[in-house]
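A short worksheet on the structure shown next.
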Amino acid sequence: MRREITVQDFVCYQEQGFLVVRDLVAAGEVDELLGHIAGLGGGSRPRVHMLHRELPIHERFLLHPRILDVVQALVGPDVLALQSMLFLKQPGAPGQGYHQDSFHIQTVPDTLIGAWLALDRVDEENGCLWMTTGSNHEPVYPDGSEQARPGGHRLLAGIRWVDGADDPDEERNDLAVVARRYAGREVAVELEPGDVAFFSGRTLHRSHANRSATRLRRSFVGHYCNARSFVPWDDDDAPPPAEAANDRHLLARGATHMPYAGPRFGTAVELG
(Lines give C-alpha, C1' and ligand atoms only; values in the text may rest on other atoms or scores of the structure.)
Protein backbone atom coordinates (compact mmCIF):
# COMPACT_ATOMS: atom_id res chain seq x y z
CA MET A 1 0.00 0.00 0.00
CA ARG A 2 1.12 3.53 -0.75
CA ARG A 3 2.46 5.34 2.31
CA GLU A 4 0.72 8.69 2.58
CA ILE A 5 1.72 11.69 4.65
CA THR A 6 -0.68 14.31 5.96
CA VAL A 7 -1.08 18.00 5.25
CA GLN A 8 0.43 18.66 8.68
CA ASP A 9 3.42 16.47 7.80
CA PHE A 10 3.94 18.55 4.66
CA VAL A 11 3.69 21.80 6.63
CA CYS A 12 6.11 20.44 9.25
CA TYR A 13 8.66 19.59 6.56
CA GLN A 14 8.36 23.03 4.97
CA GLU A 15 8.63 24.84 8.31
CA GLN A 16 11.25 22.74 10.08
CA GLY A 17 13.28 21.37 7.19
CA PHE A 18 12.88 17.70 8.09
CA LEU A 19 10.28 15.04 8.73
CA VAL A 20 10.61 11.68 10.49
CA VAL A 21 8.39 8.86 9.22
CA ARG A 22 8.26 5.87 11.54
CA ASP A 23 8.19 2.19 10.46
CA LEU A 24 8.50 3.06 6.80
CA VAL A 25 10.69 0.11 5.84
CA ALA A 26 9.79 -3.39 7.06
CA ALA A 27 11.98 -5.21 9.59
CA GLY A 28 12.65 -8.05 7.17
CA GLU A 29 13.99 -5.62 4.57
CA VAL A 30 16.24 -3.96 7.15
CA ASP A 31 17.60 -7.39 8.09
CA GLU A 32 18.21 -8.19 4.43
CA LEU A 33 20.28 -5.04 3.97
CA LEU A 34 22.21 -5.66 7.20
CA GLY A 35 23.04 -9.16 6.01
CA HIS A 36 24.26 -7.73 2.73
CA ILE A 37 26.44 -5.19 4.56
CA ALA A 38 27.98 -7.98 6.65
CA GLY A 39 28.84 -9.78 3.43
CA LEU A 40 30.55 -6.72 1.96
CA GLY A 41 33.34 -6.94 4.52
CA GLY A 42 33.54 -3.15 4.54
CA GLY A 43 33.46 -2.55 8.28
CA SER A 44 36.54 -0.33 8.13
CA ARG A 45 34.97 2.02 5.59
CA PRO A 46 32.88 4.75 7.24
CA ARG A 47 30.86 5.44 4.10
CA VAL A 48 30.36 3.95 0.66
CA HIS A 49 28.88 5.92 -2.24
CA MET A 50 26.86 5.09 -5.35
CA LEU A 51 26.67 1.31 -5.05
CA HIS A 52 23.25 1.46 -6.75
CA ARG A 53 25.24 1.61 -9.99
CA GLU A 54 26.98 -1.66 -9.16
CA LEU A 55 24.69 -3.83 -7.02
CA PRO A 56 20.97 -4.61 -7.45
CA ILE A 57 20.12 -4.43 -3.75
CA HIS A 58 21.33 -0.83 -3.54
CA GLU A 59 19.30 0.15 -6.58
CA ARG A 60 16.28 -1.53 -4.99
CA PHE A 61 16.64 0.38 -1.72
CA LEU A 62 17.31 3.69 -3.50
CA LEU A 63 14.06 3.08 -5.40
CA HIS A 64 12.16 1.69 -2.42
CA PRO A 65 8.49 2.42 -3.16
CA ARG A 66 7.54 3.52 0.38
CA ILE A 67 10.48 5.93 0.56
CA LEU A 68 9.55 7.26 -2.87
CA ASP A 69 5.93 7.70 -1.75
CA VAL A 70 7.10 10.26 0.81
CA VAL A 71 9.66 11.91 -1.48
CA GLN A 72 7.01 12.25 -4.17
CA ALA A 73 4.59 13.87 -1.74
CA LEU A 74 7.23 16.37 -0.54
CA VAL A 75 9.06 17.40 -3.74
CA GLY A 76 7.31 15.53 -6.58
CA PRO A 77 5.26 14.35 -8.31
CA ASP A 78 8.25 13.70 -10.57
CA VAL A 79 11.29 12.24 -8.77
CA LEU A 80 14.89 11.76 -9.90
CA ALA A 81 17.07 9.47 -7.76
CA LEU A 82 20.60 10.87 -7.53
CA GLN A 83 22.77 9.25 -4.91
CA SER A 84 22.97 6.25 -2.59
CA MET A 85 25.23 6.00 0.44
CA LEU A 86 25.95 3.52 3.19
CA PHE A 87 27.12 4.96 6.50
CA LEU A 88 28.91 2.40 8.66
CA LYS A 89 29.72 4.31 11.83
CA GLN A 90 31.81 2.16 14.17
CA PRO A 91 32.15 2.68 17.94
CA GLY A 92 34.55 5.57 18.50
CA ALA A 93 34.14 6.95 14.96
CA PRO A 94 34.09 10.77 14.75
CA GLY A 95 31.09 12.84 13.75
CA GLN A 96 30.51 15.14 10.80
CA GLY A 97 30.18 18.88 11.29
CA TYR A 98 27.52 21.30 10.10
CA HIS A 99 26.87 21.13 6.37
CA GLN A 100 24.19 21.64 3.73
CA ASP A 101 23.79 18.87 1.18
CA SER A 102 22.60 21.31 -1.48
CA PHE A 103 26.08 22.79 -1.76
CA HIS A 104 27.54 19.43 -2.71
CA ILE A 105 24.65 18.19 -4.88
CA GLN A 106 23.34 21.02 -7.03
CA THR A 107 19.82 20.95 -8.44
CA VAL A 108 18.35 23.98 -10.24
CA PRO A 109 15.89 24.97 -8.94
CA ASP A 110 17.00 23.52 -5.63
CA THR A 111 14.63 20.64 -4.83
CA LEU A 112 17.15 18.32 -3.15
CA ILE A 113 15.87 16.01 -0.41
CA GLY A 114 17.69 13.36 1.60
CA ALA A 115 16.14 10.17 2.99
CA TRP A 116 18.12 8.69 5.92
CA LEU A 117 17.05 5.09 6.67
CA ALA A 118 18.13 3.80 10.09
CA LEU A 119 19.36 0.20 10.11
CA ASP A 120 20.24 0.20 13.82
CA ARG A 121 18.71 2.03 16.76
CA VAL A 122 20.13 5.54 16.44
CA ASP A 123 20.44 7.86 19.44
CA GLU A 124 22.79 10.40 20.97
CA GLU A 125 25.17 7.75 22.28
CA ASN A 126 25.98 6.18 18.91
CA GLY A 127 26.01 9.40 16.89
CA CYS A 128 22.53 10.27 15.61
CA LEU A 129 21.80 13.10 13.22
CA TRP A 130 21.15 16.56 14.64
CA MET A 131 18.89 18.84 12.58
CA THR A 132 18.83 22.61 12.99
CA THR A 133 15.10 23.30 12.88
CA GLY A 134 14.12 26.07 10.46
CA SER A 135 17.56 26.41 8.85
CA ASN A 136 16.08 25.16 5.57
CA HIS A 137 14.98 28.77 5.04
CA GLU A 138 18.62 29.86 4.82
CA PRO A 139 20.37 30.21 1.48
CA VAL A 140 22.98 27.66 0.47
CA TYR A 141 26.29 29.09 1.63
CA PRO A 142 29.09 28.91 -0.96
CA ASP A 143 32.32 27.23 0.13
CA GLY A 144 35.35 29.50 0.04
CA SER A 145 37.70 26.58 -0.53
CA GLU A 146 35.81 25.50 -3.68
CA GLN A 147 35.23 28.76 -5.52
CA ALA A 148 35.80 27.13 -8.91
CA ARG A 149 32.94 24.72 -8.27
CA PRO A 150 29.34 25.78 -8.87
CA GLY A 151 27.04 25.88 -5.87
CA GLY A 152 25.63 28.23 -3.28
CA HIS A 153 23.62 31.43 -3.49
CA ARG A 154 26.48 33.66 -4.65
CA LEU A 155 24.35 36.53 -5.95
CA LEU A 156 22.96 37.62 -2.56
CA ALA A 157 24.38 40.86 -1.20
CA GLY A 158 26.49 40.13 1.85
CA ILE A 159 26.38 36.35 1.44
CA ARG A 160 28.83 34.68 3.78
CA TRP A 161 31.46 32.53 2.09
CA VAL A 162 32.22 29.68 4.45
CA ASP A 163 35.19 27.46 5.14
CA GLY A 164 35.37 24.23 7.08
CA ALA A 165 31.93 22.83 6.27
CA ASP A 166 31.70 19.22 7.53
CA ASP A 167 34.44 19.83 10.14
CA PRO A 168 33.19 18.69 13.59
CA ASP A 169 35.26 21.44 15.25
CA GLU A 170 32.93 24.45 15.46
CA GLU A 171 35.92 26.80 15.64
CA ARG A 172 36.93 25.70 12.14
CA ASN A 173 33.45 25.33 10.63
CA ASP A 174 32.02 28.68 9.56
CA LEU A 175 28.50 27.24 9.29
CA ALA A 176 28.51 27.08 13.09
CA VAL A 177 28.06 30.87 13.00
CA VAL A 178 24.88 30.42 10.98
CA ALA A 179 23.68 27.63 13.29
CA ARG A 180 24.06 29.88 16.35
CA ARG A 181 21.23 32.02 15.05
CA TYR A 182 19.04 28.99 15.77
CA ALA A 183 20.23 28.44 19.33
CA GLY A 184 17.95 26.03 21.16
CA ARG A 185 16.41 24.71 17.93
CA GLU A 186 18.82 21.89 17.16
CA VAL A 187 17.07 18.53 17.48
CA ALA A 188 18.53 15.06 18.01
CA VAL A 189 16.88 12.73 15.49
CA GLU A 190 16.56 9.42 17.32
CA LEU A 191 15.37 6.55 15.13
CA GLU A 192 14.51 2.88 15.31
CA PRO A 193 15.42 0.47 12.49
CA GLY A 194 13.07 1.09 9.58
CA ASP A 195 12.42 4.74 10.47
CA VAL A 196 13.38 7.32 7.84
CA ALA A 197 14.34 10.96 8.33
CA PHE A 198 13.61 13.15 5.29
CA PHE A 199 15.40 16.50 5.14
CA SER A 200 15.84 19.44 2.80
CA GLY A 201 19.19 19.94 1.12
CA ARG A 202 19.39 23.39 2.71
CA THR A 203 18.87 22.18 6.29
CA LEU A 204 21.95 22.51 8.47
CA HIS A 205 22.69 19.15 10.03
CA ARG A 206 25.53 17.28 11.68
CA SER A 207 26.36 14.26 13.81
CA HIS A 208 28.60 13.68 16.81
CA ALA A 209 31.01 10.84 17.49
CA ASN A 210 29.78 7.33 18.22
CA ARG A 211 30.44 7.23 21.97
CA SER A 212 29.19 3.68 22.35
CA ALA A 213 31.67 0.95 23.23
CA THR A 214 29.95 -1.72 21.14
CA ARG A 215 27.04 -0.30 19.11
CA LEU A 216 27.18 0.34 15.39
CA ARG A 217 25.28 3.13 13.66
CA ARG A 218 24.49 1.90 10.17
CA SER A 219 22.23 3.68 7.72
CA PHE A 220 21.27 3.78 4.05
CA VAL A 221 20.86 7.26 2.61
CA GLY A 222 19.30 8.28 -0.69
CA HIS A 223 19.25 11.73 -2.27
CA TYR A 224 16.53 12.80 -4.68
CA CYS A 225 15.15 15.88 -6.41
CA ASN A 226 12.22 16.89 -8.54
CA ALA A 227 12.92 15.29 -11.92
CA ARG A 228 12.29 18.62 -13.69
CA SER A 229 15.26 20.26 -11.98
CA PHE A 230 18.50 20.77 -13.92
CA VAL A 231 21.22 18.64 -12.27
CA PRO A 232 24.88 19.51 -13.00
CA TRP A 233 26.16 16.90 -10.51
CA ASP A 234 27.32 13.32 -10.83
CA ASP A 235 29.01 11.51 -7.95
CA ASP A 236 31.05 14.53 -6.75
CA ASP A 237 32.75 14.71 -10.15
CA ALA A 238 30.63 17.58 -11.39
CA PRO A 239 30.77 18.42 -15.10
CA PRO A 240 30.82 22.08 -16.15
CA PRO A 241 27.70 23.90 -14.91
CA ALA A 242 26.36 24.31 -18.45
CA GLU A 243 26.20 20.54 -18.85
CA ALA A 244 23.30 18.56 -17.46
CA ALA A 245 24.01 15.24 -15.75
CA ASN A 246 20.32 14.31 -15.52
CA ASP A 247 20.84 11.44 -17.95
CA ARG A 248 23.12 9.73 -15.40
CA HIS A 249 20.41 9.58 -12.73
CA LEU A 250 17.35 7.39 -12.36
CA LEU A 251 13.82 8.55 -13.05
CA ALA A 252 12.04 7.05 -10.04
CA ARG A 253 8.51 8.46 -10.35
CA GLY A 254 6.47 10.44 -12.85
CA ALA A 255 7.75 12.07 -16.01
CA THR A 256 10.14 14.82 -17.09
CA HIS A 257 11.21 16.86 -20.09
CA MET A 258 14.83 16.37 -19.00
CA PRO A 259 16.96 13.36 -20.00
CA TYR A 260 17.21 10.51 -17.51
CA ALA A 261 18.47 6.97 -16.99
CA GLY A 262 16.48 3.86 -16.21
CA PRO A 263 17.26 1.27 -13.52
CA ARG A 264 20.27 -0.86 -14.46
CA PHE A 265 19.03 -3.94 -12.61
CA GLY A 266 15.36 -3.92 -13.53
CA THR A 267 13.89 -2.42 -10.36
CA ALA A 268 10.26 -1.50 -11.05
CA VAL A 269 9.41 2.22 -11.03
CA GLU A 270 6.17 4.14 -11.53
CA LEU A 271 6.50 6.32 -14.62
CA GLY A 272 3.77 8.37 -16.18
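The values are calculated or read from the model by the stated rules, or taken from the named source; none is laboratory data. These numbers were taken from a predicted model, which means no experiment stands behind them. Ideal geometry is used to build each Cβ from the backbone, glycine not excepted, and the neighbour counts take in all protein chains shown. The protein model used for the area step is the full one, side chains on, heavy atoms only, and it has no ligands, DNA or RNA in it. Shrake-Rupley method; radii C 1.70, N 1.55, O 1.52, S 1.80 Å.
Roughly how much of residue 199 is accessible, in Å² to the nearest 10, using a 1.4 Å probe?
Spelled out: residue 199, probe radius 1.4 Å, area about 10 Å².
Write down the radius of gyration of segment 149-272 and its Dmax, each obtained from C-alpha positions, in Å.
Reported Rg and Dmax, both Å: 18.4, 50.
Under a point spin-label approximation (7 Å from Cα along Cα-to-Cβ), what is the residue 47-residue 169 distance to one decimal in nm?
2.0 nm
Counting residues in the chain as N, plug N into 2.2 N^0.38 Å and put the Cα Rg over that result.
With N residues counted in the chain, Rg over 2.2 N^0.38 Å equals 0.95.
First measure r as the distance between the Cβ atoms of residue 23 and residue 261, then evaluate 1/(1 + (r/R0)^6) with R0 = 30 Å and state the FRET efficiency to the nearest 0.05. Can you show the working numbers first?
Details: r = 31 Å, r/R0 = 1.03.
About 0.45, to the nearest 0.05.
Let me know the shape class of segment 42-116, please: from the alpha-carbon gyration tensor, a ≥ b ≥ c as square roots of the eigenvalues, rounded when a/c is under 1.5, otherwise prolate if a/b is greater than b/c, or oblate.
Details: a/c = 2.14, a/b = 1.37, b/c = 1.56.
Taking the square roots of the gyration eigenvalues as a ≥ b ≥ c, segment 42-116 is oblate.
Suppose every Lys and Arg Cβ carries +1 and every Asp and Glu Cβ carries -1, with no other charges. What dipole size does the chain come out with about its Cα centre, to the nearest 20 debye?
Working: 27 positive and 38 negative charges, 26 e Å.
Result for the chain is approximately 120 debye, rounded to the nearest 20.
Rounded to the nearest 5, what is the percent of antiparallel bridges among the DSSP beta bridges in the chain?
Values: 42 of 46 bridges.
Here the antiparallel bridges make up roughly 90 percent for the chain.
Can you give the calculated 222 nm mean residue ellipticity of the chain, where each DSSP H run of n ≥ 4 adds -39,500 (n - 2.57) and the sum is split over every residue, rounded to the nearest 500 deg cm²/dmol? Walk me through the numbers before you get to the answer.
On the way: 6 runs with 51 residues, N = 272.
Result for the chain, helices only: -5000 deg cm²/dmol.
Return the sequence-ordered ³J(HN,Hα) values of segment 213-222 in whole Hz as given by the Karplus equation 6.51 cos²θ - 1.76 cosθ + 1.60 applied to θ = phi - 60°, using x for Gly and Pro.
7, 9, 8, 7, 9, 9, 8, 10, 10, x
What FRET efficiency comes out for the pair residue 149/residue 55, r = Cβ-Cβ distance, R0 = 25 Å, nearest 0.05?
Working: r = 29 Å, r/R0 = 1.15.
The formula returns an efficiency of 0.30 here.
Please compute the net charge surrounding residue 3, taking Lys and Arg as +1 and Asp and Glu as -1 over other residues with Cβ under 14 Å from its Cβ.
Around residue 3, the surrounding residues sum to -3.
How many angstrom separate the Cα center of segment 87-146 from the Cα center of segment 22-51?
19 Å
Considering the alpha-carbon set of segment 48-183 alone, what are its Rg and its Dmax in angstrom?
Rg and Dmax of segment 48-183, Cα atoms, are 16.4, 46 Å.
Compare the Cα positions of 93, 103, 117 along the charge dipole of segment 53-123 (+1 at Cβ of Lys, Arg; -1 at Cβ of Asp, Glu; about the Cα centre) and return the one farthest towards the positive end.
The residue sitting farthest along the positive end of the dipole is 93.
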